[in-house]
Amino acid sequence: DVKVTQSSRYLVKRTGEKVFLECVQDMDHENMFWYRQDPGLGLRLIYFSYDVKMKEKGDIPEGYSVSREKKERFSLILESASTNQTSMYLCASSRSWGRLYGYTFGSGTRLTVV
Amino acid sequence: AQRVTQPEKLLSVFKGAPVELKCNYSYSGSPELFWYVQYSRQRLQLLLRHISRESIKGFTADLNKGETSFHLKKPFAQEEDSAMYYCASQEETSGSRLTFGEGTQLTVNP
């Protein structure tokens with residue numbers, strides 16, 4: 001029944017490492033999103049994609065990049081991890097008319113940068 | 001840019017009491033509005049959406065365009081309602097991207 005899968009539930013990385021967070025959806029959704037979730041700040045949009053090889057910056061893209069080579073997979077890349085990127089990362093997907101149906105979320109990846 | 005505000009980070013009520021989680025949005029157009037819920041150790045999931053005019057698990061939400069609010073209400077809270085609740089809005093011009101509020105942690109005490 002799982003529709004959006006994030007490859008890791010917990011990750012611990014060192015400062016300066018390049019980090020890849022993977023997300024796969026099996027619903028043939030056009031749109032995919034990466035958010036970070038922090039207490040008191042809610043969910044903040046990092047990057048999103050409306051189609052393969054397309055990407056758009058969200059509200060907090062600095063220090064991140066993304067890759068979408070296939071429709072079902074959307075990767076978040078931390079080029080050089082820093083301690084302020086310690087957070088819960090949530091992937092989501094939706095139909096192109098997501099305005100009506102909302103998002104389906106993954107279970108999240110809790111990243112700790114030490 | 002659109003903004004969603006949930007003024008209460010924490011809300012605690014007793015079982016059987018009414019509960020209202022507040023949400024205000026800052027957009028003069030006609031956004032689509034949603035409530036999402038995250039129970040302990042579970043993924044974030046859609047609770048209800050304004051366009052459906054639905055009631056889910058006894059919760060309802062009314063859009064007040066004059067006050068730009070979309071408060072979530074339930075007349076009799078249950079212990080299993082304890083969770084983190086997020087309000088979210090989607091502008092007409094923003095495609096499918098959602099803007100979320102800060103979240104409200106609801107605790108229903110026995």
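The values are calculated or read from the model by the stated rules, or taken from the named source; none is laboratory data. Small disclaimer: the values here were computed from a predicted structure and weren't measured. Here Cβ is always computed from backbone atoms with ideal geometry, including for glycine, and neighbour counts include all displayed protein chains.
Counting only residues that are buried (at least 20 other Cβ atoms within 10 Å of the Cβ) and within 8 Å of another protein chain (Cβ to nearest Cβ), the range A:38-55 holds 4 of them. Residues in the range B:33-47 that are exposed (fewer than 13 other Cβ atoms within 10 Å of the Cβ) and of a type in the set (D, E, K, R): B:Arg41 alone.
Counting only residues that are more than 10 Å from chain B (Cβ to nearest Cβ) and of a type in the set (Gly, Ala, Ser), which one in the range A:69-114 is nearest to B:Leu44 (Cα to Cα)? Only one residue fits best here, namely A:Ser87. When the range B:1-37 is filtered for residues that are more than 12 Å from the chain's Cα centre (by Cα) and part of a strand (DSSP E or B), the ones remaining, listed by number, are B:Leu10, B:Leu11, B:Ser12, B:Val13, B:Phe14, B:Glu32. For the range B:48-57, check the following and say yes or no: at least one residue is surrounded by 20 or more Cβ atoms within 10 Å (Cβ to Cβ), on the phi < 0 side of the Ramachandran plot and assigned to a loop (DSSP other than H, G, I, E, B). Scanning the range B:48-57, I find no residue that is surrounded by 20 or more Cβ atoms within 10 Å (Cβ to Cβ), on the phi < 0 side of the Ramachandran plot and assigned to a loop (DSSP other than H, G, I, E, B), so the answer is no.
Would the range B:69-81 turn up any residue that is farther than 21 Å from A:Ser49 by Cβ, within 14 Å of chain A (Cβ to nearest Cβ), outside any strand (DSSP E or B) and touching a residue at least 40 places away in the same chain (Cβ under 8 Å)? No, because not a single residue in the range B:69-81 is farther than 21 Å from A:Ser49 by Cβ, within 14 Å of chain A (Cβ to nearest Cβ), outside any strand (DSSP E or B) and touching a residue at least 40 places away in the same chain (Cβ under 8 Å).
When the range B:92-109 is filtered for residues that are touching a strand residue (DSSP E or B) at 6+ places or on another chain (Cβ under 8 Å), at pLDDT below 95 and more than 9 Å from chain A (Cβ to nearest Cβ), nothing remains. The lone criterion from (1) within 22 Å of A:Lys13 (Cβ to Cβ); (2) surrounded by 15 or more Cβ atoms within 10 Å (Cβ to Cβ); (3) not hydroxyl-bearing (Ser, Thr, Tyr) left unmet by A:Glu72 is number (1).
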